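All remarks here apply to the structure that follows.
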Amino acid sequence: MSAHALIVRDLAKTYHVGEVDVPALRGVSLSIDPGEFVALTGPSGSGKSTFMHLIGCLDRPTEGTYLLNGRDVSRLSKRELSAVRNRDIGFVFQGFNLLSRTSAIENVELPMLYGPPIPAKERRRRAEAALEAVGLGARMDHHPNQLSGGQQQRVAIARALVNNPALLLADEPTGNLDSHTSIEVMGIFQRLNTERQITIVLVTHEVDIAEYATRIIGFRDGRVRLDQAVANRRFAGEELARFDAELEERSA
């Protein structure tokens with residue numbers, strides 16, 4: 001097994017808009033180790049979302065190499081990429097992307113229907129365990145319209161976890177949430193990263209959200225302009241405890 005969770009070398013992506021070539025990523029080279037929690041930052045159009053799509057095997061690079069767990073996935077077929085996405089990568093999106101007419105547990109079971117056959121009882125067991133892991137064990141049969149935004153994002157995280165991926169990708173996961181709920185969600189990511197050693201790569205334009213990670217990679221104009229450890233890391237558990245204590249003082 002590779003010493004790195006992922007390695008990219010001279011990764012580039014150019015989009016063709018009519019007769020114009022638009023470079024979105026211009027030769028990015030970096031590695032991410034197993035168990036790292038990385039935040040990708042930068043203004044709109046900086047290349048961070050393009051980079052996320054490439055490492056998530058949602059798109060192919062125009063140039064360069066991408067090794068995921070030591071395997072070169074940059075030139076795989078569509079079918080092979082689909083298998084990698086289902087088996088090795090979990091995705092969490094800003095908009096939750098849940099099926100509205102389907103219960104929480106059925107939403108979480110969904111990724112298991114697209115891989116090798118898994119017995120129904122085993123699918124249910126794994127889905128229940130994933131929902132328990134994000135604190136939604138009591139709301140498994142609720143539909144998305146019966147859940148708050150934070151609870152819907154927890155379902156989305158459980159769905160991303162259910163196939164035990166080595167890499168979890170989160171694209172603006174707190175973008176639709178209020179401040180307190182955002183801290184709760186970042187607490188789940190920190191706990192999963194610490195307890196399960198899941199490698200997490202998160203895209204955010206919010207500096208305070210990036211500070212929950214252990215490393216920040218900043219993009220601008222399709223290139224990496226910043227790559228450093230988080231100096232003053234925020235810890236969601238501590239912040240929630242302070243928040244609850246302040247709330248209790250006000251109500252006393």
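Only the coordinates and a few stated rules stand behind these numbers; no lab work does. Just so you know, these numbers come straight off a predicted model, no measurement behind them. Every residue, glycine as well, gets a Cβ built from its backbone with ideal geometry; the counts of neighbours run over all protein chains shown.
Below, the figures for the structure above:
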{"item": "Neighbour-limited loop hits for trypsin sites (Lys or Arg not before Pro), region 68-155 (at most 16 other Cβ within 10 Å; DSSP other than H, G, I, E, B)", "result": "75, 101"}
{"item": "Residue-averaged [θ]222 nm for the chain, counting only DSSP H segments that reach four residues, each worth -39500 (n - 2.57)", "result": "-10500 deg cm²/dmol"}
{"item": "Ranked list, fewest to most other Cβ atoms within 10 Å of each Cβ, for 198, 157, 7", "result": "7, 198, 157"}
{"item": "Distance cut-off 20 Å, percentage of C-alpha pairs in region 72-136 lying past it", "result": "36"}
{"item": "Ordering of 141-151, 22-32 by packing [mean C-beta count within 10 Å, highest first]", "result": "22-32, 141-151"}
{"item": "Residue order, fewest to most beta carbons within 10 Å, for 63, 238, 172, 249", "result": "249, 238, 63, 172"}
{"item": "Length-normalised contact order of the chain in % [C-alpha pairs under 8 Å, at least 6 apart]", "result": "26"}
{"item": "All lysines inside 17 Å of residue 13 as judged from Cα atoms, apart from same-chain residues fewer than 8 positions distant", "result": "48"}
{"item": "Where chymotrypsin sites (Phe, Trp or Tyr not before Pro) fall in DSSP loop in region 64-161, at most 12 other Cβ within 10 Å", "result": "114"}
{"item": "Protection proxy ranking, peptides 159-165, 220-226, average beta carbon neighbours within 10 Å, highest first", "result": "159-165, 220-226"}
{"item": "FRET efficiency for residue 194 and residue 122, using Cβ-Cβ distance with R0 set to 30 Å, rounded to 0.05", "result": "0.65"}
{"item": "Principal axes of region 6-251: Cα extent on each, largest first, Å", "result": "58, 47, 34"}
